[in-house]
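Below is one structure, written out as structure tokens; the observations come after it.
None of the figures in this text is laboratory data; all of them are computed from the coordinates on show. The structure displayed is predicted, hence computed values, not measured ones. Reconstructed Cβ throughout: ideal geometry from the backbone, glycine too, with neighbour counts over all protein chains shown.
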Amino acid sequence: MTAIVLCGLLALQIMLISGCTAKRTAVETMLQELNSSLQSVQQQSVDAEAASIQASQAEAASIQASQAEAASIQASQAEAASIQASQAEAASIQASQAEAASIQASQAEAASIQASQAEAASIQASQQQSAQVSQGVTSQPPEGHEGPWVGGRTVYLTFDDGPSYLTPQVLDILDRYQIKATFFVTYTEKPEIVPYYNEIVKRGHTIAIHTASHEYEQIYSSMDAFIADFEKIYNYVRDLTGVSCQLYRFPGGSTTNLNLGIREQIKAWLEQRGIIYHDWNVVNGDGATVTADEAYHNVVDNIVQRTHPVVLMHDGVKKETTVEALPRIIETLQSWGFTFAPLDPSVEPIRQGINW
Ligand SMILES: [Zn+2]
């Protein structure tokens, strides 16, 4: 447009210079109009440019607005993420609470089961007691005893290390209460003692093998030494009484350091020979020095825990307190409904480390 106007102006000026005076005024007028047009065109161009700048500014403002909006969206997203995190934490707390509730529920259930078991045990105890009453067995636990109580048990009293000068007293006490017991005997040739081997048998008790010498180091030094000791007392008892003993008790017990080296060999040998060995699960404590009262309590306080009590005592020398405590032990156990029996090959043996 501007180029056209400029061309027009140039043409007019040429005409003006070269044209006649008559037309000069008209040309000048046209020139003025063209100048005016040019100005107008220039003005329009300026206006257009200004408008363009304004448009650009508006666009920039719009972009800024968009950026602000984007920032706002980002901020919202961050806030949303934060909320999600809080919700996750809340969910975790809820889960923990649920778990705690579950544990509490389990504990409550366990407590309920325990209560049921206690009730069942109580019912069993009552039933047992009724059964005993119906059988005519008077059986009361000792005073102060807590825990399971089974009355009417068989007690196996056993006497080791005899015979000795105390053996007749023991035999008389057992006779007085009409009780049979078991004697794991040792070897003695003392003339005043020798008759007691027979006395044990004659009065209906079980005679059984303990040891000839009771010397641990000698007996357990080798299998040959062990067998020699065993056969010496075995043959002696058989020759004196006519009884071939079937039961045996290890000096010191079946499972001690004393016989560690040959213990299993001895057990195999005894089995092969048809001999049954017995340990014990109640002691009166007379392996050491005890008063009669201690001997009594050692038995009656501990026997309540045993369903199959085998009591170890000694009728060897210097065991006077054992003899002294014996009647009281028997009377107490009888008052609890216990009965007494001698060991024989049909009785389940108590064995250390197995059913001690
Ligand atoms: Zn012994």
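Scanning the range 326-356 for residues that are among the β-branched types (Val, Ile, Thr) and buried (at least 19 other Cβ atoms within 10 Å of the Cβ) yields Ile329, Ile330, Ile350. Could you check the range 279-325 and list, in sequence order, the residues that are of a type in the set (A, V, I, L, M), crowded, with 20+ Cβ neighbours inside 10 Å and either within 16 Å of the ligand (Cβ to nearest atom) or without any contact (Cβ under 8 Å) to a residue 40 or more places away in the chain (or both)? Hits for the range 279-325 are Val282, Ala295, Val299, Val310, Val311, Leu312, Met313. When restricted to residues that are closer than 13 Å to Ser213 by Cβ and touching a residue at least 40 places away in the same chain (Cβ under 8 Å), the range 229-252 contains 4.
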